[in-house]
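Asker: Have a look at the structure that comes next, please.
The values are calculated or read from the model by the stated rules, or taken from the named source; none is laboratory data. Note that the structure is a prediction, hence the values are computed from the model and not measured. Neighbour counts run over all protein chains shown; Cβ positions are idealised from the backbone, glycine included. Just the protein is used for accessible areas: all its heavy atoms, side chains included, with ligands, DNA and RNA removed. Shrake-Rupley method; radii C 1.70, N 1.55, O 1.52, S 1.80 Å.
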Amino acid sequence: QPGAQPEAILRKVVFGKSNMLGIKIYTVTQPLDSSCSAVVAQARSISATAAVYQSAISALFSGTTPSEKVAGYGTVLTEKFFVKSIAVDSNGLLTIDFSAPFVVSPVTSCRTSAAKAQITKTLEQFPEVRAVNITIKGKPL
């Protein structure tokens, strides 16, 4: 995309016993609520030395923990996904392009809205990201 640049963001990372960064992934309630886009934050840790956007998306697509499932949280995202590209431009627009659809079957408008919310909220936690554009093979979701 014009103006897009590779992930090259400076972050303050405090190294202690591990090189991990605390983030949030966003899950949905099961069954989905009537708005189809309400999400709930769940804590995760990712490598602070890796590409954080890719790592955050990987954590999101890994799904919920057993205790989160028992508490009624879940996901509408498949476990199989491939990010073709991810970049943020100088205006804070992060564009993430997937190689294939990633919403669990049957795909409905409600599940698609929930998937967008899960991905968008997970990526918007980074202060340089002001908006998220999700595409599949370059086409808007």
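Asker: Does Phe126 qualify as being under 17 Å from Gly63 (Cβ atoms) and in contact (Cβ under 8 Å) with a residue 12 or more places away in the chain?
Answerer: No; evaluated as a whole, the condition is false for this residue.
Asker: Moving on to the next point. Is it true that Thr27 is polar (S, T, N, Q), at pLDDT 70 or above and surrounded by 15 or more Cβ atoms within 10 Å (Cβ to Cβ)?
Answerer: Answer is yes for this residue.
Asker: Shifting gears a bit: Could you tell me which residue of segment 56-82 is nearest to Asp97 (Cα to Cα), considering only residues that are open to solvent by less than 60 Å² (accessible area, probe 1.4 Å), in contact (Cβ under 8 Å) with a residue 24 or more places away in the chain and outside any loop (DSSP other than H, G, I, E, B)?
Answerer: Ile57
Asker: What about Ser37, is it out of contact with any strand residue (DSSP E or B) (no Cβ under 7 Å at 6 or more places or on another chain), open to solvent by 50 Å² or more (accessible area, probe 1.4 Å) and modelled with pLDDT under 95?
Answerer: yes
Asker: Do we have Lys116 as on the phi > 0 side of the Ramachandran plot and not small (Gly, Ala, Ser) here?
Answerer: no
Asker: Being of a type in the set (A, V, I, L, M, F, W, C), over 24 Å from Ser35 (Cα atoms) and touching a residue at least 40 places away in the same chain (Cβ under 8 Å), is that true of even one residue in segment 97-107?
Answerer: no
Asker: Separate question: Tell me, yes or no, whether segment 86-102 has at least one residue that is under 14 Å from the mean Cα position of the chain (by Cα), among the aromatic types (Phe, Trp, Tyr) and open to solvent by 20 Å² or more (accessible area, probe 1.4 Å).
Answerer: no
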